[in-house]
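Each remark here refers to the structure printed beneath this line.
The values are calculated or read from the model by the stated rules, or taken from the named source; none is laboratory data. It should be emphasised that the depicted structure is a prediction, and the values quoted were computed from it without experimental measurement. Virtual Cβ from ideal backbone geometry, glycine too; neighbours counted across all protein chains shown.
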């Protein structure tokens with residue numbers, strides 16, 4: 001069966017596997033103190049135009065989110081996220097497990113609007129008893145969002161300004177960052193994120209790597225003793241080389257950006273096919289996740305020949321599902337989808 005269930009259903013790009021094999025027999029220091037981790041970090045610093053950035057490699061997105069949020073917040077602080085945000089919905093309470101509350105705010109197509117954020121903060125600080133409440137300490141955004149939508153550069157600037165006004169940290173989850181940056185509708189770049197954020201991460205697991213995420217503190221602003229904090233969270237890999245080699249490969253010869261653009265091209269073709277066939281989109285976006293409304297009987301029929309993800313029940317007879325392209329999606333697979341639709 002051909003699967004469009006997610007963008008991490010396949011293993012890894014062959015160039016990553018080749019470099020892992022080439023370096024496999026080398027005796028290297030552990031915990032990220034190896035030449036491949038150092039080389040990958042230098043490449044990321046150059047791309048972000050932040051030569052003093054602190055960069056750390058993690059194995060998963062949830063691990064990254066939990067460790068960073070816990071390390072950067074005070075014990076009495078929480079993190080503001082959209083109601084649809086990954087840390088609020090699909091991380092099994094990982095943030096709350098560390099003692100920090102996720103402060104969920106309304107979203108619009110997966111995005112937090114600046115007016116919504118400003119209103120939340122005005123109400124919080126306007127409450128005379130706010131010192132008895134969980135303080136907002138950080139804003140968590142996803143780029144792209146969980147609905148595949150994108151913040152514009154102007155929207156990010158406005159949110160960043162609000163963060164400065166209220167002394168809040170700005171954190172961007174970039175699990176699918178490549179698919180956002182390489183989108184024709186995006187006006188955001190890696191240097192933009194580095195300039196506006198206190199921390200963000202570059203996703204590898206969904207963009208060609210076996211696993212791995214690269215956390216970037218662009219202003220040499222990682223929390224004190226961050227390696228020790230990672231260790232406490234079980235996030236410090238002894239064989240750190242395994243992560244460094246992958247990111248070294250991803251950021252050699254623009255591989256990360258090339259395969260991200262390929263995924264967008266495949267998604268664009270899938271989008272055209274769904275439109276041609278008369279299917280309804282639940283959320284309009286231009287990235288690699290397509291949210292389609294299916295009649296329940298049609299959904300059961302499609303499940304026999306193609307994989308996709310359940311998203312939510314729309315009503316008694318319709319369901320919202322997700323089809324995702326990836327760095328590895330082929331035109332043959334897209335053509336097969338057209339046939340079964």
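So that you can scan it fast, the table gives a plain yes or no per residue for (1) assigned to a loop (DSSP other than H, G, I, E, B); (2) in contact with a strand residue (DSSP E or B) (Cβ under 9 Å, 6 or more places away or on another chain); (3) within 19 Å of residue 222 (Cβ to Cβ):
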site: 12; (1), (2), (3): yes, no, no
site: 15; (1), (2), (3): no, no, no
site: 33; (1), (2), (3): yes, no, yes
site: 41; (1), (2), (3): no, yes, yes
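Meeting the requirement of 1 or more residues that are over 12 Å from residue 140 (Cα atoms) and touching a helix residue (DSSP H, G or I) at 6+ places or on another chain (Cβ under 6 Å), the helices (runs of 4 or more DSSP H) wholly within segment 63-126 are 94-97, 114-126.
Of all the criteria given as (1) surrounded by 18 or more Cβ atoms within 10 Å (Cβ to Cβ); (2) part of a loop (DSSP other than H, G, I, E, B), the one not satisfied by residue 200 is (2). Within the option set 294, 290, being part of a strand (DSSP E or B), at pLDDT 95 or above and within 26 Å of residue 12 (Cβ to Cβ) holds for one residue only, 290.
The condition of being in a helix (DSSP H, G or I), touching a helix residue (DSSP H, G or I) at 6+ places or on another chain (Cβ under 6 Å) and either within 20 Å of residue 13 (Cβ to Cβ) or not assigned by TED's automatic domain parsing to the domain that holds residue 65 (or both) holds for only one of 261, 269, that being 269.
Can residue 238 be described as touching a helix residue (DSSP H, G or I) at 6+ places or on another chain (Cβ under 6 Å) and more than 19 Å from residue 95 (Cβ to Cβ)? Write out each step before concluding.
Numbers: touching a helix residue (DSSP H, G or I) at 6+ places or on another chain (Cβ under 6 Å): no; more than 19 Å from residue 95 (Cβ to Cβ): yes.
For residue 238, the condition - touching a helix residue (DSSP H, G or I) at 6+ places or on another chain (Cβ under 6 Å) and more than 19 Å from residue 95 (Cβ to Cβ) - is not met.
Going through 205, 194, 175 one at a time, which residue ends up being surrounded by fewer than 24 Cβ atoms within 10 Å (Cβ to Cβ), in the same structural domain as residue 56 (by TED's automatic domain parsing), modelled with pLDDT of 95 or more and part of a loop (DSSP other than H, G, I, E, B)? Lay out the reasoning, then the answer.
Values: 194 fails: part of a loop (DSSP other than H, G, I, E, B); 175 fails: surrounded by fewer than 24 Cβ atoms within 10 Å (Cβ to Cβ).
None of the other options fit; the residue is 205.
Per-residue answers, yes or no, for (1) surrounded by fewer than 18 Cβ atoms within 10 Å (Cβ to Cβ); (2) more than 23 Å from residue 156 (Cβ to Cβ):
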site	(1), (2)
47	no, no
56	no, no
59	no, yes
62	no, yes
74	yes, yes
91	no, no
99	yes, yes
127	yes, yes
141	no, no
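Restricting to segment 297-327, count the residues that are under 30 Å from residue 12 (Cβ atoms) and touching a helix residue (DSSP H, G or I) at 6+ places or on another chain (Cβ under 6 Å). So the answer is 5.
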